[in-house]
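Asks: Structure in structure tokens, see below.
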Amino acid sequence: MSNRCATRAEGKFMAMLTGLTFGGTTWTPKFVEEIDQEKCIGCGRCFKICGHNVLVLKAMNEEGEFVEDEDDDEIEKKVMTIAHQENCIGCEACARICSKNCYTHSALNN
Ligand code: SF4
Ligand code: SF4
């Protein structure tokens, strides 16, 4: 169950998406916004914990560009990327498991 409640921010009223726990306590989902690819070591822990098909591990070359063909191109490192942000439920499990503090999340305001 979810609802939108009005909160006051910077002098304006903003609608914020909130949900309820099983016990009826309000909580605010924080959706994945960004992964810091400079800090990411490609360990894949966040990928394993996310059950919503949001994340994809991608290869990068020396120039920091994504490699399309991993068999042909030189790979410098692999980093996690947000492939399907629309599937995120805002649980923040990925941020909690990441030891490199790569994640930025934010609540949905509109
Ligand atoms: S917040 Fe939850 S659903 Fe969204 S990417 Fe992270 S683990 Fe997946
Ligand atoms: S857990 Fe952190 S360091 Fe590991 S792949 Fe995910 S974002 Fe990168």
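Asks: Could you give me the residue pairs with C-beta distances under 6 Å whose first residue belongs to region 93-107 and is in contact (Cβ under 8 Å) with a residue 12 or more places away in the chain and of a type in the set (Val, Ile, Thr), whose second residue is more than 8 Å from ligand 2 (Cβ to nearest atom) and in a helix (DSSP H, G or I) wherever it lies, and which are 6+ apart or on separate chains?
Replies: The qualifying pairs are ILE97/ILE49.
Asks: Still on this structure, please answer the following. Among residues belonging to region 82-110 that are over 11 Å from the mean Cα position of the chain (by Cα) and in a strand (DSSP E or B), point out the one that is farthest from ligand 1 (Cβ to nearest atom).
Replies: Among those residues, the one meeting the criterion is ASN109.
Asks: Working only within region 27-81, note down all residues that are crowded, with 16+ Cβ neighbours inside 10 Å, in a loop (DSSP other than H, G, I, E, B) and more than 15 Å from ligand 2 (Cβ to nearest atom).
Replies: Once the filter is applied, which keeps residues that are crowded, with 16+ Cβ neighbours inside 10 Å, in a loop (DSSP other than H, G, I, E, B) and more than 15 Å from ligand 2 (Cβ to nearest atom), region 27-81 yields PRO29, VAL67.
The numbers here are math on the coordinates, done by the rules we state, and not lab data. Please read all numbers here as calculations on a predicted model, not as lab measurements. Ideal geometry is used to build each Cβ from the backbone, glycine not excepted, and the neighbour counts take in all protein chains shown.
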